[in-house]
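To start, the structure under review is shown below, and the notes come after it.
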Amino acid sequence: MSFFDVLASEVVKAGKGPHASAVFRSASEEIQSLEQHDYSRPLRRSLGRSEVREIISEARRSVWPRLNDESVTLVSPSEFTRRWSGLGVQFQLAKLSGADGVALLGFYVREMGHSRLPLICVNTAHHPAAIGAAFSHEMGHHLVGQLFDSRKQHAQLLTYTAYGEHLNDPEELAADVLVSLGVFPEAIARKIFLKPKNGKQSKSATAELPDSVSTTVLQYFEGRFGLSFGAHLPSAKKLQYLAAVVHFSKLRRALLTEYHI
């Protein structure tokens, strides 16, 4: 078992009650599936190198001028909405802390209400790092939809059990690319994910992240974003955030090894 699989299994064992155990096992299986998945193939299938660069260019122009040069800065939800208020998007903040509500991180609707403006809704019942990722992902939907003239009208939900589905959906994967670049700017990503060999950078042929890399990733999230998987974090959120860490880490490594981005 990989480092992330072991951590997920430990969280499952700590879960109490038959319903909780079933939910935890499902989330643990999701993490194991993501960890074993080869991200290079779905990335190449969904987004070409030129398309990724075009998405980055648009994101830098309109939202994140230092994307892939510096990691994103976490601010309060109200500050996120203030900074992005001029981008033609409505924002709705909701604290959904129930057993079902906490699974939702956020969603994006392309047209909403009489104004017919896009709507970004973010669940503020989460850790600031998860809230920041949700804001970035949903803003990614807005940018990608404008860039590629998307006709999708249904709500696009970000939940902790859907990352595997994102690998087969170019729009979801494009939004995730922006989150990955915001979390791991290029200099940091190269240091974490690419191991030097004989003085040169080489890419790993294995799908799973080496245990040493996984450990470094968790240390990075704790030091940079204050996200720790210690006892203070509820078990359900541990699994939810761990799935996100695995997904965005593996996607970031794939961007490096496949497209040198």
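The values are calculated or read from the model by the stated rules, or taken from the named source; none is laboratory data. Note that the structure is predicted; figures quoted are calculated from it, not measured. All Cβ positions, even for glycine, are placed from backbone atoms using ideal geometry, and neighbour counts span all protein chains on display. Each accessible area value is taken on the protein alone, full model and side chains, heavy atoms only, with ligands, DNA and RNA left out. Shrake-Rupley method; radii C 1.70, N 1.55, O 1.52, S 1.80 Å.
Toward the positive end of the charge dipole of the chain, with +1 on the Cβ of Lys and Arg and -1 on the Cβ of Asp and Glu, the farthest Cα among 243, 39, 57 is that of 57. Checking every one of the trypsin sites (Lys or Arg not before Pro) in region 63-137 against DSSP loop status and a limit of 14 other Cβ atoms within 10 Å picks out 66, 95, 116. The apolar share of the surface of the chain, taken as the fraction of accessible area on carbon and sulfur atoms (1.4 Å probe, ligands and nucleic acids excluded), comes to 52 percent. Between residue 83 and residue 222, the modelled label-to-label distance comes to 2.6 nm, taking each label 7 Å out from Cα in the direction of the beta carbon. Secondary structure note: in the chain, about 65% of the DSSP beta bridges are antiparallel. Extending 7 Å from the Cα toward the beta-carbon at both residue 36 and residue 260 defines two label points whose distance is 3.4 nm.
The slack between residue 54 and residue 195, meaning 0.36 nm per residue of separation minus the straight C-alpha distance, is 48.0 nm.
For the chain, the residue among 148, 193, 121 whose Cα projects farthest onto the positive side of the dipole built from Cβ charges is 193. Calculated [222 nm] ellipticity per residue, helices only, for the chain: -17500 deg cm²/dmol; basis is -39500 (n - 2.57) per DSSP H run with n ≥ 4, divided by all residues, nearest 500. For region 216-255 versus region 33-110, the inter-centroid distance based on Cα atoms is 16 Å.
Note on the chain: with charges restricted to the Cβ of Lys and Arg (+1) and Asp and Glu (-1), its dipole about the Cα centre is near 500 debye.
Among the lysines of the chain, pairs at least eight places apart or on separate chains and with Cα atoms under 26 Å apart come to 19.
Given a Förster distance of 45 angstrom, what is the FRET efficiency for residue 215 paired with residue 116, based on the Cβ-Cβ distance and rounded to 0.05? Plugging the Cβ-Cβ distance into 1/(1 + (r/R0)^6) gives 0.40.
Work through the residues other than residue 56 whose Cβ is under 15 Å from its Cβ and net out their charges, Lys, Arg +1 and Asp, Glu -1. After counting each charged neighbour, the total is -2. Across all Cα atoms of the chain, the radius of gyration (one decimal) and Dmax (whole number) stand at 17.7, 61 Å. Heavy atoms of the protein chains alone define the surface here; on that basis the chain has 47 Å² accessible area per residue at 1.4 Å probe size.
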